[in-house]
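The values are calculated or read from the model by the stated rules, or taken from the named source; none is laboratory data. This is a predicted model, so every value here is computed, not measured. All Cβ positions, glycine included, derive from the backbone under ideal geometry; neighbour counts span all protein chains shown.
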Amino acid sequence: MFHLQFSMTLMNFLADHRDPILTKFFLFMTFLGEVNGYILIVTVVYVMFDKSLGIRLAVVLLMSMMLNHVLKIVIRNPRPFIREGTYLQKWAVSPDYARELATEYSTPSGHAMAAGAFYGYLYACVRNGYVRAVAVFALIFVGLSRPYLGVHYLEDILIGWPIGLGVAWIAVKYGDRIAAAWNRRNYGVRIALMMAASALLWLATIAINGWQIDGEPRAFLGYAGFLTGIIIGGPLEVRLVNFDPQSSNIAAKIARYVLSVGMVILTLELLGKANASLADNFSVAGYVLQYLRYTTAGVVSIFVAPLVFTAIGLARKFARS
């Protein structure tokens, strides 16, 4: 464990001087920096504008989130107000969310890392002034939402941003070569490698945590599962569907966006309830079911939803060469 002495002065000041309107704004920004928020954003890109960019943004995001999980487990720095036992009073989040966050470490901020990676990559890939302005705005305020709400030190954000931007830089500079090397591998081998890597990284973080499963953060297997779902579903979509995201009018684009998001959220909700009835969240079976839940959601988002909306005429397919 790293013994980090981050200042509580700012944290106490923010906790004692929150404004109701600002709190609502930062709660919205923090939502945009979570899995469900990114699902909404990535789906817009994937089903309405650019499939390839949508997938690459998702991969960069999920790799950043997985790296953040590993760093947190290694550093093991508790969140603000945890040591004092006052987090339920000092954090401006719901009690249920607070209890979930209390099981996770603080440094570096996952929201700041993910925003740096996601919006940094978006900024580099899209040469549109409005998109770039939105990317910079989101990167800054998703990160700043965390200390304002009390769940991260400012130092966590200042550490998370450059790491995330570094992930984006690597993806921009070496992404094509990495993707080409990856795609040369057999489809089944790619899936097996991703599943093996997910299991090994999870076991490694448990080992670092003293082989304690109870209370181990579950988010990592969600990120790994979603990435596995993309690896499974992406080639299937190209081979069996291959929809054109630019096709159809704006009404059809909105309809397929709503359909896609709805299918993913419904999948997560139904499997979440089913998993809760089958195994305790903090058990080996619970972690495996968490991984499979998000793997299924990834396949639904990348492959099943396009299969459905092309079948009902909401998008055209690219012509086969």
Q. Looking at segment 77-182, what helices (runs of 4 or more DSSP H) fall wholly within it and have at least 2 residues that are within 19 Å of the chain's Cα centre (by Cα) and surrounded by 24 or more Cβ atoms within 10 Å (Cβ to Cβ)?
A. 110-125, 129-149
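Within segment 285-321, which residues are part of a loop (DSSP other than H, G, I, E, B) and of a type outside the set (S, T, Y)? If you could, list the steps in order and put the result at the bottom.
Narrowing segment 285-321 to residues part of a loop (DSSP other than H, G, I, E, B): 312-316, 318-321.
Those that are part of a loop (DSSP other than H, G, I, E, B) and of a type outside the set (S, T, Y): I312, G313, L314, A315, R316, F318, A319, R320.
Just a yes or no: is a residue in segment 267-284 closer than 13 Å to A305 by Cα and assigned to a helix (DSSP H, G or I)?
If we filter segment 267-284 for residues that are closer than 13 Å to A305 by Cα, which is where we start, we get 267.
Now narrow it down to the ones that are assigned to a helix (DSSP H, G or I): 267.
Yes, some residue in segment 267-284 is closer than 13 Å to A305 by Cα and assigned to a helix (DSSP H, G or I).
For segment 30-40, indicate whether the set of residues that are within 16 Å of the chain's Cα centre (by Cα) and without any contact (Cβ under 8 Å) to a residue 12 or more places away in the chain is non-empty.
Yes, the conditions are met somewhere in segment 30-40.
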**Q.** Residue count for segment 51-62, restricted to those that are touching a residue at least 40 places away in the same chain (Cβ under 8 Å) and surrounded by fewer than 17 Cβ atoms within 10 Å (Cβ to Cβ)
**A.** 0
Q: Provide a single number: the residues in segment 45-76 that are over 15 Å from the mean Cα position of the chain (by Cα), over 17 Å from G233 (Cβ atoms) and not in a loop (DSSP other than H, G, I, E, B).
A: 6
Q) Among the residues of segment 36-50, which ones are surrounded by 18 or more Cβ atoms within 10 Å (Cβ to Cβ) and either outside the structural domain of L149 (by TED's automatic domain parsing) or among the hydrophobic types (A, V, I, L, M, F, W, C) (or both)? A) I39, I41, V42, V45, V47, M48
Q) Can you name the condition, by its number, that V300 falls short on among (1) under 19 Å from the mean Cα position of the chain (by Cα); (2) within 12 Å of L221 (Cβ to Cβ)? A) (2)
Q.
Exactly one condition in (1) hydroxyl-bearing (S, T, Y); (2) more than 19 Å from I82 (Cβ to Cβ); (3) buried (at least 17 other Cβ atoms within 10 Å of the Cβ) is false for T23; which is it?
A. (3)
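Would you tally the residues in segment 31-88 being within 30 Å of A252 (Cα to Cα) and not basic (K, R)?
Narrowing segment 31-88 to residues within 30 Å of A252 (Cα to Cα): 31-62.
Filter once more, keeping what is not basic (K, R): 31-50, 52-55, 57-62.
Of the residues in that region, 30 qualify.
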Q: Identify, by number, the condition in (1) touching a Phe, Trp or Tyr at 6+ places or on another chain (Cβ under 6 Å); (2) at pLDDT below 95 that S106 doesn't meet.
A: (1)
Q | Test: residue in segment 258-277 that is within 20 Å of D50 (Cβ to Cβ), in contact with a Lys or Arg (Cβ under 7 Å, 6 or more places away or on another chain), hydroxyl-bearing (S, T, Y) and surrounded by 13 or more Cβ atoms within 10 Å (Cβ to Cβ) | A | no
